[in-house]
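Report on the structure given below.
Every number in this text was worked out from the coordinates using simple rules, so none of it is lab data. What you are looking at is a predicted structure, and each value in this text was computed from that prediction instead of being measured. For neighbour counting, all protein chains shown are included, and Cβ atoms are generated from backbone atoms with ideal geometry for every residue, glycine included.
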Number of protein chains: 2
Amino acid sequence: MNVEKAWETLKEHSFKRTKNREAILEFLAERDGYTAAMDVGEFLKKDNPGVSFDTIYRNLTTFAELGILEETDLNGERQYRMHCDPGVHHHHFICTICGKTKHIPTCPMDHIAVNLPGVEIQGHKFEIYGKCPQCQ
Amino acid sequence: MNVEKAWETLKEHSFKRTKNREAILEFLAERDGYTAAMDVGEFLKKDNPGVSFDTIYRNLTTFAELGILEETDLNGERQYRMHCDPGVHHHHFICTICGKTKHIPTCPMDHIAVNLPGVEIQGHKFEIYGKCPQCQ
DNA sequence: TCATTGATGTGAATCGTAATCATTACTATT
DNA sequence: AATAGTAATGATTACGATTCACATCAATGA
Ligand SMILES: [Mn+2]
Ligand SMILES: [Mn+2]
Ligand SMILES: [Zn+2]
Ligand SMILES: [Zn+2]
């Protein structure tokens with residue numbers, strides 16, 4: 001997902017175009033990995049030192065709900081990244097040092113037989129963790 | 001892993017046998033799902049109202065490091081359960097309502113080809129979430 | 001341009017967790 | 001059983017991440 005498409009989605013849901021949201025999207029569009037909410041905030045502060053954490057968290061949550069961002073919990077923090085391809089379900093390798101990700105195109109749910117009688121499956125999580133080439 | 005084996009492990013590492021640790025292990029041994037630190041604390045308070053949260057967190061962390069407990073992050077909390085079978089690698093279905101788990105004996109790493117050149121894989125997470133029969 | 005409505009900043013609150021340290025409880029030894 | 005050494009505990013304090021309430025402000029469409 002790119003910034004333009006994100007704005008389309010936002011407009012569809014009648015969210016307004018604001019400097020803060022522009023900055024958040026601009027920042028995350030240029031990163032290729034998961035980024036902690038606090039780091040997004042650091043960036044916003046450059047142009048807008050008075051930006052509040054609440055604004056950051058509110059918008060990140062909104063964007064994730066709209067499918068603009070992907071979300072994961074990494075060592076007790078919420079981290080976000082541009083939803084790389086909303087149309088194609090996939091998973092990620094995540095570097096535990098810098099947060100960079102790589103696609104894992106296959107989904108384990110398609111490859112293993114789960115025997116869970118009576119349960120209502122709502123979702124799943126599959127992530128591989130490690131160090132990317134630059135972080136070793 | 002049962003309580004006796006847990007005590008063996010603790011003794012091997014010269015951890016002492018205390019009322020609090022007995023209560024923690026007793027409690028978790030009878031549960032069949034992940035339990036939040038706070039809930040473990042609630043139980044300990046019955047016999048020992050003055051127990052400190054630090055004692056709970058310290059011991060849960062210790063037990064997890066020793067492989068006595070398994071640990072996962074579920075809605076922003078750390079949750080623990082008896083390590084069901086340390087010898088056999090496997091995964092879990094987790095009920096998002098009550099925390100109960102069911103084994104998933106297969107591991108996706110054995111069933112999908114990951115193409116991650118140059119990365120150093122340190123671990124992976126595969127969990128299926130949903131509602132167990134009792135929670136629907 | 002104006003009015004509407006949503007977005008923002010402020011500051012404090014909450015939540016889960018960790019650090020410090022003096023006191024207390026185990027455990028092994030005498 | 002009394003002791004000594006050491007680990008565990010509870011009290012307090014603090015922390016980082018996130019959320020809340022609410023007054024103010026700004027983007028948008030009419
Ligand atoms: Mn991807
Ligand atoms: Mn299991
Ligand atoms: Zn990296
Ligand atoms: Zn359940």
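Against the empirical 2.2 N^0.38 Å scaling, what ratio does the C-alpha Rg of segment A:2-46 come to?
Segment A:2-46 yields a ratio of 1.17.
Using Cβ-Cβ distances only, list the Cys residues of the protein assembly as shown with no partner cysteine under 4.7 Å, sorted by number.
Among the cysteines of the protein assembly as shown, those whose Cβ sits 4.7 Å or more from every other are A:CYS84, A:CYS98, A:CYS107, A:CYS135, B:CYS84, B:CYS98, B:CYS107, B:CYS135.
When Cβ neighbours within 10 Å are restricted to other protein chains, what is their mean count per residue of peptide A:103-114?
5
Once every DSSP H run of n ≥ 4 in chain B is given -39500 (n - 2.57) and the sum is divided by its residues, what mean residue ellipticity at 222 nm do you get, rounded to the nearest 500 deg cm²/dmol?
So the calculated ellipticity at 222 nm is -10000 deg cm²/dmol.
Convert 10 °C to kelvin, take the viscosity as 1.306 mPa s, use the Kirkwood radius over C-alpha pairs of chain B as Rh, and evaluate the Stokes-Einstein diffusion coefficient in µm²/s, rounded to a whole number.
Translational diffusion coefficient: 97 µm²/s.
Of A:VAL88, A:THR72, A:GLY99, which is farthest towards the positive pole of chain A's charge dipole, taken about the Cα centre with +1 and -1 on the beta-carbons of Lys, Arg and Asp, Glu respectively?
Going by the charge dipole, the pick is A:GLY99.
Size of the dipole of segment A:3-82 about the Cα centre, Lys and Arg at +1 and Asp and Glu at -1 on the beta carbon, nothing else charged, in debye to 20?
The calculation lands at about 340 debye.
Can you tell me the relative contact order of chain A? Whole percent, Cα pairs under 8 Å, sequence separation 6 or more.
23
Counting C-alpha atoms alone, how compact is the protein assembly as shown: give Rg to one decimal and Dmax as a whole number, in angstrom.
In Å, with Rg to one decimal and Dmax whole: 21.3, 62.
Taking +1 at the Cβ of each Lys and Arg and -1 at the Cβ of each Asp and Glu, which of B:GLY130, B:TYR57, B:MET1 sits farthest along the dipole of chain B towards its positive end, judged by Cα position relative to the Cα centre?
It is B:TYR57.
Give, rounded to the nearest 20 debye, the magnitude of the charge dipole that chain A has about its Cα centre when Lys and Arg contribute +1 at Cβ and Asp and Glu contribute -1 at Cβ.
My answer is approximately 300 debye.
Using only Cα atoms, what is the ratio of the radius of gyration of segment A:3-82 to 2.2 N^0.38 Å?
My calculation over the Cα atoms of segment A:3-82 gives 1.01.
Distance in nm between label sites at A:LEU116 and A:ASN48, each 7 Å beyond Cα in the beta-carbon direction?
Between A:LEU116 and A:ASN48, the simple spin-label model gives 3.9 nm.
If you find the alpha carbon centre of segment A:77-124 and of segment B:84-120, how far apart are they in angstrom?
Each part's Cα centre sits 12 Å from the other's.
Can you run phi through the Karplus equation (6.51, -1.76, 1.60; θ = phi - 60°) for segment A:120-136 and list ³J(HN,Hα) in whole Hz, with x for Gly and Pro?
9, 6, 10, x, 7, 9, 9, 9, 10, 10, x, 10, 6, x, 6, 9, 7
Per residue, how big is the convex hull of segment A:91-135 when only Cα atoms are used? Give it in Å³.
85
For the pair B:GLN134 and B:THR96, what calculated FRET efficiency results from E = 1/(1 + (r/R0)^6), where r is the Cβ-Cβ distance and R0 = 22 Å, to the nearest 0.05?
It comes out at approximately 0.95.
Take peptide A:35-48, look around each residue's Cβ out to 10 angstrom, count Cβ atoms belonging to other protein chains, and average those counts.
0
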